[in-house]
Amino acid sequence: MTNSWLTTPGGTPVPATWDVTVYYAGMEPPARQNSVPSSAERVRSAKVTGSGGSGELLSVDLGAAAKAGYYVWVWEFNVSSQPARWQPYFAGDWADQYGLTDETITSRAFQPAGVSQVVEPEVAVGDVLADTFTTATQPGGPLVVDEWLTDTTGTPLPVTWDVTLYFHGTTPPVDPTIDVDAGDDESAGEPAPDVDGSAPPESVPAVPLEPATPTPVVVGQTQVTGTGGAGEVLTVELGTATKAGYYVWVWEFNVSSQPARWQPYFAGDWADQYGLTDETITSRAFQPAGVSQVVEPEVAVGDVLADTFTTATQPGGPLVVDEWLTDTTGTPLPVTWDVTLYFHGTTPPVDPVKAGESPNPAPSVSLSPEDVGSAVESDSSVEPVEMGDLVAETQVTGTGGAGEVLTVEPGTATKAGYYVWVWAFHVETQPEELRAYFAGDWADQYGLTDETTTSKAFQPAGVSQVVEPEVAVGDVLADTFTTATQPGGPLVVDEWLTDTTGTPLPVTWDVTLYFHGTTPPEPPAPSAVATSTVWTPPLVLPGAAPKGALQVGQTQVTGKGGAGEVLTVEPGHRDEGRLLRVGLGFPRGNAARGVARLLRG
C-alpha cells in the first residue's frame, strides 16, 4: 500500500501531521490494549509532520527517561490536526494500540553500587581504621565496572557516598553471605566474584541494615565524593581503634545525598550488607606478656634470689616476641611489671602445665589487680591456686619493647624450701593516658617449674675416723673428723656457706665419748654401715645414749676452714673394757667396723 498515498494535482504527497505521546506505564510491563488505560502517566507529546507520503520514516525525541520502568509510545492520526484544506480528503482518525512490544521502552535507572574491602583486616588498639570502595553500577543484575552515566560532555556524574563505621562489640558479627547450615562444605557461603559476571551478595540495592544484638555503636560517619565513574577506588579513614573488638564498615548510596539536579537519574538507594567479612576489622588490644626463668634454680639459705623475664605480646594466642605497640615516634610503650615472690613451703608446688591444666606451656593466666593471691587461667575454669607466704613485692619498668630481658633480685633465701615467682601485668599500674591501649591484666601461672627456686639449707656434716682402732689401757683415745655438707643427698666436701667476705662460716661440733661395756654395741643395718657416705640417722641421739653406755667425756671443737677441714679430738683415755666414740648428732656410716676392731683389743 505504499503507493496509495493521496497526492496533489501536481503529484506531491499530501502532508500528514501525527500526534505522538509517550506514557509511563510503571514498573510492570504494559498489557496490549486498544486504548490508553487511565493508569498510564502521560510524559510528553509532540506533533510530527511528514511530507514524503507512504513509506516515509519519521522519528521523534521526547527527552530522557526520568525514572526506571516501562515507557509506551502511541502514534495517532487525527483529522483535526491536519490543515483544513486537506481534512475533507481523510477518512477518519487512527491510532496505535497501547502496549505494543515494539513500542515499549524499558528504562533501567542509573544505580551506583560497589565493592568494599578493609585495608587491614586485623589491627592493634591505637591503629588507624581504613576502608576502600571500588565504584560500579548495578542495572538490575551483576555489578558492572565499565558503565556509568555521563553528562552531555561525557563527564561521569559525581556520586557522594555515605560511609559509617560501627563498633560491633567483642564478638564477631554474622556474615550474611555465609550459610551457617552449610556444614563442612568449604565452598558454601563464599561470595560470588566481585564484578566479573556474578552478582556478589552485597550488591543488592537498598539493603536494609539489620545489625546483630546488641545494637552496634556508631564510631564515625563521613561522606566521600567520587568523580571518576565506574572502577574508581575510594579510600576513607575514620580514626583509630580505641578498644579491642570488631569494627564494621557500611557504604551507602542515598539519592538524597546527591545534587538535586542529578537526583531524577538515580534508581534508588543502595547499601552494603552489615557484617560482611571483607568489611569487618578485628582489633586486638595490646597484651603485654612474657616468659620468666629463675637465675639459679637451686640456691643455699642466704643466697640471693634472682629472676629474669623476657617481654613479649600475646595477641590471643602464642607469645610473640617481635610485636610491641609504639607511640607516634616509634618508641615502644613503657610497661611496668609487678613482681611477687612467695615462700611456698618445704614441699614443691604443683606445676600447672605438667599437671595438664593448660595446653599451652606459655604463661597465660589472668590475675585480677585486687586479688594477686589467686591465679586462674584465662582460658579454663581452674580452681584458685593456694599460694604461699608473701616474701617480697617489687616493680620493674621495661622500656625496650618485645624481647627485653628484665632481672630482679628482691632479697635472699632466709630458710630452706621452695620460693615461687609470679610476674604480673596490671592495667591500673600503667600511666593513665596509656591504659586504654591494653587488653587487660596478665600474669604468670603460680608454681611453674621455671619460676620456682629451691633453697637447700646449709647442713654441716662429715666423716669421722678413729686415730687408733686398737689401743692399750692408758693410751690416748683420739678421733678425727673431716667436715662436709649434706644438702639432702650425698656428702659434699667442696660446698660451704660463707659470709659476705667469702670466709667460711665457723661451725662448732659437739663430741661425746661413751664406754659401751664389755659387749659390742648392736651394729646398724647393713645398708647403713656400708661405705656409702649417705647420711643416716644417728646411732645415738643427743641425750639418749644406748642403755648401759657410760659417758666418758665431752668436748667441743670449732672448725673455721669450711668443707674438707680435718678436726682431731682426744677426749679421754681407755679404761677397763671397751669404748665406743660417737660424734654428737653427726654419726659416721662405718662406725660399726671401728667398734669391732676396738673390741678385739
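The values are calculated or read from the model by the stated rules, or taken from the named source; none is laboratory data. It should be emphasised that the depicted structure is a prediction, and the values quoted were computed from it without experimental measurement. Using ideal geometry, Cβ is built from the backbone for each residue, glycine included, and neighbour counts are taken over all protein chains shown. We work out accessible area using only protein heavy atoms, side chains counted, and drop any ligands, DNA or RNA first. Shrake-Rupley method; radii C 1.70, N 1.55, O 1.52, S 1.80 Å.
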Options Val320, Val294, Val299, Val350; residue that is over 13 Å from Gly398 (Cβ atoms), open to solvent by 20 Å² or more (accessible area, probe 1.4 Å), in contact with a strand residue (DSSP E or B) (Cβ under 9 Å, 6 or more places away or on another chain) and β-branched (Val, Ile, Thr): Val320
Of all residues in segment 24-47 being among the small types (Gly, Ala, Ser) and over 60 Å from the mean Cα position of the chain (by Cα), the one that is most open to solvent (accessible area, probe 1.4 Å): Ser38
Of residues in segment 391-441 being in a loop (DSSP other than H, G, I, E, B) and among the β-branched types (Val, Ile, Thr), the one farthest from Gly302 (Cα to Cα): Thr399
Neighbours by Cβ (under 8 Å, 6+ apart or cross-chain): first from segment 92-111, aromatic (Phe, Trp, Tyr); second open to solvent by less than 40 Å² (accessible area, probe 1.4 Å) and part of a loop (DSSP other than H, G, I, E, B): Tyr98/Pro30; Tyr98/Pro37; Tyr98/Ala40; Phe110/Leu157
Every residue from segment 440-459 that is more than 30 Å from Leu505 (Cα to Cα) and surrounded by fewer than 23 Cβ atoms within 10 Å (Cβ to Cβ): Gly440, Asp441, Thr449, Asp450
Where Trp249 falls short, out of the listed (1) assigned to a loop (DSSP other than H, G, I, E, B); (2) modelled with pLDDT of 95 or more: (1)
Residue count, segment 247-277 (criterion: touching a residue at least 60 places away in the same chain (Cβ under 8 Å) and either more than 18 Å from Val219 (Cβ to Cβ) or aromatic (Phe, Trp, Tyr) (or both)): 19
Complete set of residues in segment 48-100 that are exposed (fewer than 11 other Cβ atoms within 10 Å of the Cβ), more than 21 Å from Thr8 (Cα to Cα) and either among the small types (Gly, Ala, Ser) or in contact with a Phe, Trp or Tyr (Cβ under 9 Å, 6 or more places away or on another chain) (or both): Ser59, Gly63, Ala64
Subset of segment 460-491 that is under 30 Å from Pro352 (Cα atoms) and open to solvent by 30 Å² or more (accessible area, probe 1.4 Å) - its residue that is modelled with the highest pLDDT: Pro487
Pair list, Cβ < 8 Å and 6+ apart or interchain, from segment 430-442 residues that are more than 16 Å from Thr399 (Cβ to Cβ) to residues that are open to solvent by 20 Å² or more (accessible area, probe 1.4 Å) and of a type in the set (Lys, Arg): Ala436/Lys243; Ala439/Arg284
Strands (runs of 3 or more DSSP E) wholly inside segment 289-354 containing at least 3 residues that are hydrophobic (A, V, I, L, M, F, W, C), within 20 Å of the chain's Cα centre (by Cα) and at pLDDT 95 or above: none
